[in-house]
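The values are calculated or read from the model by the stated rules, or taken from the named source; none is laboratory data. Because the structure is predicted, anything quoted here is derived from the model rather than measured. Cβ placement follows ideal geometry from the backbone for every residue including glycine, while neighbour counts extend to all protein chains displayed.
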Amino acid sequence: MIIDRYGRPLKKLRASVTQRCNFRCFFCHREGIFRSGEELSPEDYGFVAEVLSSLGIEEVKLTGGEPLIREDIVEIVKNMSKYMRVSITTNGFFLQRLAKPLYEAGLERVNVSLHGLDEETFRLVTRVNVSPKVILDGIKEALKYMPVKVNVVLLSYNIKFVPKYIELASEMGFSLQFIELLGNDYPQKINPVEVEKVIARRARTYYIRRDMQNRIVYILNNGVKVEFVKPENSSFCMGCTRIRLSHDGRFMPCLRMPIAIDAKEEIKKRDEEGLKEKLMMAVKARSPFVRPERTRPPQSDP
Ligand code: SAM
Ligand code: SF4
């Protein structure tokens with residue numbers, strides 16, 4: 001297993017498969033990738049999964065842009081799931097049609113973003129004329145095959161829906177993930193602490209996901225699981241076990257750092273040793289974006 005300079009094991013890959021999207025969420029960080037460029041092929045992703053799994057990377061989360069916009073997304077999942085566990089984060093628009101084929105290709109879990117529960121709020125966030133019902137229908141279909149987690153970026157627009165999200169989660173059987181908005185220039189940004197306090201009071205118990213940025217998962221009295229993603233703290237960064245891959249074959253140590261190691265040539269040439277070297281270069285560049293006061297990297301290389 002690969003351990004970085006801060007003692008953090010590398011266990012997960014977060015792979016963006018496209019920059020394209022059918023929504024235009026006003027806050028979208030596009031996983032820190034702001035350029036187009038040729039998308040890797042399903043065979044390329046299979047090769048990446050094979051090589052990275054041999055180094056102890058056990059899981060991949062496919063993201064984007066909108067991953068389900070790719071016509072060959074089922075093939076990508078099929079090729080990668082031979083080597084590692086595969087999950088997807090999606091806006092849910094194409095999920096009703098694709099949930100079953102994705103499951104058959106090896107998809108184990110899905111995160112569906114749903115930032116509003118009425119048409120007006122949904123449109124304010126996504127800037128497209130789509131009813132949230134379309135997304136809820138996709139969630140319902142996916143739940144027949146796999147666990148679903150609903151992602152909600154907490155905003156002044158949607159905070160009023162928190163009780164309704166919990167009610168729906170209980171009725172339909174999904175879990176919830178409330179996410180702090182990244183970026184300081186949005187008037188719609190709210191601090192998730194107050195929401196978390198209310199949830200914590202209603203929780204029967206909680207646990208911490210140590211290999212997932214030390215996130216807290218509360219289990220409410222009705223059985224619903226509610227997780228908080230709050231990236232503005234050092235515990236989050238010290239619990240990070242992931243490396244990122246862009247749609248055009250660049251390894252990125254962190255969403256919030258402008259560092260990218262281009263491995264496209266090695267991927268295209270199926271150069272296993274070259275790809276491992278590029279990965280290690282990215283691992284060396286890994287450092288916690290928000291650091292605890294006294295954390296210093298040791299002097300020796302990993
Ligand atoms: N299109 C897919 C979707 O929306 O789920 C996958 C890509 S999207 C970039 C991945 C996740 O990041 C989504 O849950 C989205 O809501 C979240 N996200 C995007 N921009 C964000 C921001 N500025 N702050 C917090 N979360 C953000
Ligand atoms: Fe960004 Fe996802 Fe919204 Fe598309 S759906 S704009 S990728 S957050």
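Annotations
- Residue satisfying condition, being under 26 Å from Met80 (Cα atoms), part of a helix (DSSP H, G or I) and in contact (Cβ under 8 Å) with a residue 24 or more places away in the chain, within set Gln96, Gln177: Gln96
- Residue check for Ile199: hydrophobic (A, V, I, L, M, F, W, C) and either part of a helix (DSSP H, G or I) or buried (at least 17 other Cβ atoms within 10 Å of the Cβ) (or both): yes
- If you go through the stretch 35-77 and keep only what is touching a residue at least 60 places away in the same chain (Cβ under 8 Å), of a type in the set (Asp, Glu) and within 16 Å of ligand 1 (Cβ to nearest atom), you end up with just Glu39.
- Any hit, the stretch 51-74, residues being in contact with a Pro (Cβ under 9 Å, 6 or more places away or on another chain), within 14 Å of ligand 2 (Cβ to nearest atom) and part of a strand (DSSP E or B): no
- Qualifying residue in the stretch 146-159 (condition: of a type in the set (A, V, I, L, M, F, W, C), over 21 Å from the mean Cα position of the chain (by Cα), at pLDDT 95 or above and within 16 Å of ligand 1 (Cβ to nearest atom)): yes
- Residue that is farthest from ligand 2 (Cβ to nearest atom), among those in the stretch 29-43 that are modelled with pLDDT under 95 and not basic (Lys, Arg): Glu38
- Members of the stretch 161-202 that are among the acidic types (Asp, Glu) and within 20 Å of the chain's Cα centre (by Cα): Glu180
- If only residues of the stretch 87-107 that are within 16 Å of ligand 2 (Cβ to nearest atom) and among the aromatic types (Phe, Trp, Tyr) are counted, the one that is surrounded by the fewest Cβ atoms within 10 Å (Cβ to Cβ) is Phe94.
- Residue among Ile139, Ile199, Ile190 that is within 16 Å of ligand 2 (Cβ to nearest atom) and without any contact (Cβ under 8 Å) to a residue 60 or more places away in the chain: Ile139
- Test: residue in the stretch 11-23 that is more than 16 Å from ligand 1 (Cβ to nearest atom), in contact (Cβ under 8 Å) with a residue 12 or more places away in the chain and closer than 26 Å to Glu227 by Cα: yes
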